[in-house]
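The values are calculated or read from the model by the stated rules, or taken from the named source; none is laboratory data. Note that the structure is predicted; figures quoted are calculated from it, not measured. Heads up, the Cβs are rebuilt from the backbone with ideal geometry, glycines too, and the neighbour counts pull from every protein chain shown. To get the accessible areas, we keep the full protein, side chains included, count just its heavy atoms, and leave off ligands, DNA and RNA. Shrake-Rupley method; radii C 1.70, N 1.55, O 1.52, S 1.80 Å.
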Amino acid sequence: MTPPYFTPHGGLPDQNQLLTDRAMFTEAYAVIPKGTLRDIVTSSLPGWRGMRMWVLARPLSGFAETFSQYIVELQPSGGSDHPESDTTAQGALFVTTGTLDVNIHGEIHTLTAGGFAYIPAGSEWSVVNSGADLCSFHWIRKRWQAAPGVEKPAAFVAREQDITPTEMPNTDGRWATSRFMHPDDLSHDMHVTIVTFEPGGVIPFAETHVMEHGLFVLEGKAVYRLNQDWVEVEAGDFMWLRAFCPQACYAGGPGRFRYLLYKDVNRHMPL
């Protein structure tokens, strides 16, 4: 069974909707609620067919500086023969709905909901929606940072459904992570994981660390601690955290709370 993954569909609210919303941008974090992913804030990229995208994160000086994250929507037969214009940028794709053919150095991989692809910097690759319905996927981009004695990571594909979640210690399985990159592989300077909390699961301390984060809520709802604030979040919301922003979580239910997580890892800090 394919887990549910929230996918935005755009549109506009009617003229009777209240203006009150949960969107916020602070010196330590930003929250982009699902209600702001509307038609009027989409972009397109040169060289693509039948696409539009929402930009969730981009490097900002003094804020989160390591990555960009898009939600890309493709019409049937939409795609690009040359998606990436920066040869230093690696990419991670995660499909939430539809069918995506990813061609990496001549090898075609068909991804459906839950499918993941890692694409090393400098790769020859292309994408096309090979299905009859809309396809939507997250695209995380980061400049790969070379290190002495470390080879560039190889391309790979995976499915979340095939990954055994790793239970966090002393949580009785209420907090677990599905890891697309192996944590001991130092060739990777970013990790992309899916974090799952069962009802009642918590992050029982305020995490405060150097890693920047992008968190897109795939399923459920929770109360998330961001810096000094407790913020209600739900499926379709995006949280963007700068380095050292304290964070914690309480998943009150009634169902699971799950999110797609980005973080930068395994490298010296630039001076």
Surface share of carbon and sulfur [accessible, 1.4 angstrom probe, percent] for region 100-259
50
State whether region 124-220 is rounded, prolate or oblate according to the following rule on the C-alpha gyration tensor (a ≥ b ≥ c being the square roots of its eigenvalues): a/c under 1.5 gives rounded; otherwise a/b larger than b/c gives prolate, and the remaining case gives oblate.
oblate
Separation between Cα centres of region 65-85 and region 86-106, rounded to whole Å:
8
With every protein chain in place, the accessible area of Glu232 for a 1.4 Å probe, in Å² rounded to the nearest 10, comes to 130
Run the 1.4 Å probe and let me know the accessible area of Asp184, rounded to the nearest 10 Å².
120
Normalising by the residue count of the chain, find the relative contact order in percent from Cα pairs under 8 Å and 6+ residues apart.
18
Length-normalised contact order of region 1-138, Cα under 8 Å, at least 6 apart, in percent, tallies to 23
Along the Cα→Cβ direction, 7 angstrom out, place labels at Asp133 and Glu232. What is the inter-label distance in nm?
3.0
Computed Rg/Rh of region 76-123, alpha carbon atoms with Kirkwood Rh
0.95
Ignoring ligands and nucleic acids, what accessible area does Glu124 show with a 1.4 Å probe (Å², nearest 10)?
110
May I ask you to give the solvent-accessible area per residue for the chain, in square angstrom, as obtained with a 1.4 angstrom probe?
48
